[in-house]
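Enquirer: Below you'll find the structure I mean.
Values in this text are rule-based calculations from the coordinates and carry no lab data. Keep in mind the model is a prediction, meaning the values are calculated, not measured. Methodologically, a virtual Cβ is constructed for each residue, glycine included, from the backbone with ideal geometry; neighbour enumeration extends over all protein chains shown.
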Amino acid sequence: MISVTDRIIIAPSLLAADFARLGEEARAVERAGADWLHFDVMDGHFVPNITIGPLVVKALRPHTRLPFDVHLMIAPVDPYIAAFAQAGADHISVHPESGPHLHRTLQMIRGFGKKAGIVLNPATPVEAIAHVLDLADLIMVMTVNPGFGGQTFIASQLSKIATLRGMIDASGRQIALQVDGGITPETAAQVLAAGADTLVAGTAIFGSTDYAKAISDLRAAALRRAPSLAFTAG
Ligand code: DX5
Ligand code: ZN
């Protein structure tokens, strides 16, 4: 379980930022207290939307020291891992459905010296990660269907988060348990109580007028609502 010594990681998703001012937006969330910067890469094929490619990741690299948390929603994914690694990604996360050989894809990501992540769509069972946990640095639970920001949180995923928390703890490995989609102060409290430690939030941060307040509201709501954290935080 999460204890008071474990810090919650907040990763603003640039998908909800002003795309005409991405450098400025990246710097603004760093100043506002973000831990990682989340990139949603979409190809119009694996998901029904098209966003950014490695050129944009590379262009933003000099603007911030935040680790770049790159979420690839593209298929096939393997041919593009090198480009994102070389563009400055620190974490590269993939969906099991985006290529035929997840084990090889994770090996490839780690071969570039990057942290490797696995992303589970709402309908993807936890078993998808069971035999590749040794190669995972991050597991991310989608609490919306991937493709768009601003969607409604899917509460049926809370039990999946709890199951994954158990699997990660049993593995004895340091693996971040992220949640992506529909995160607000209210849903943040629920996913953290279920065992998540890392929050991706687009609309809740970039849709607000005060990024620092939005980030601290996510942290504070989690402390207030999650019983284990509230108990140990006092
Ligand atoms: C959806 C993306 C999410 C999205 C979250 O495909 O993976 O990162 O930007 O956006 P919000 O926080 O607005 O639900
Ligand atoms: Zn994402």
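Enquirer: Can you check what the Kirkwood hydrodynamic radius comes to for the chain, Cα pairs only, in Å to one decimal?
Expert: This gives a value of 17.5 Å.
Enquirer: Let me ask something else. Taking the Cβ of each residue in HIS38, HIS63 as the centre, tally the other Cβ atoms inside 10 Å and list the residues starting with the fewest.
Expert: If I rank by nearby Cβ atoms, fewest first, I get HIS63, HIS38.
Enquirer: How do 177-189, 159-171 rank on mean C-beta neighbours within 10 Å, highest first?
Expert: Top of the packing list down: 177-189, 159-171.
Enquirer: Next up: Classify the stretch 1-65 as rounded, prolate or oblate, taking a ≥ b ≥ c as the square roots of the eigenvalues of its Cα gyration tensor: rounded when a/c is under 1.5, otherwise prolate if a/b is larger than b/c and oblate if not.
Expert: oblate
Enquirer: OK, next. Please list, or write none, the lysines whose alpha carbon is within less than 20 Å of the alpha carbon of LYS115, excluding same-chain residues fewer than 8 places away.
Expert: LYS58
Enquirer: Taking only the alpha-carbon atoms of the stretch 114-234, what semi-axes of the equivalent ellipsoid follow from 5 times the gyration tensor eigenvalues under a square root, in whole Å, largest first?
Expert: 23, 18, 13
Enquirer: Further question on the same structure: Could you work out the equivalent-ellipsoid semi-axes for the stretch 1-125, taking the square root of 5 times each eigenvalue of the Cα gyration tensor, largest first, in whole Å?
Expert: 23, 19, 15
Enquirer: In cubic angstrom, how much convex hull volume per residue do the alpha carbon atoms of the stretch 47-90 span?
Expert: Expressed per residue, the convex hull around the Cα atoms of the stretch 47-90 is 71 Å³.
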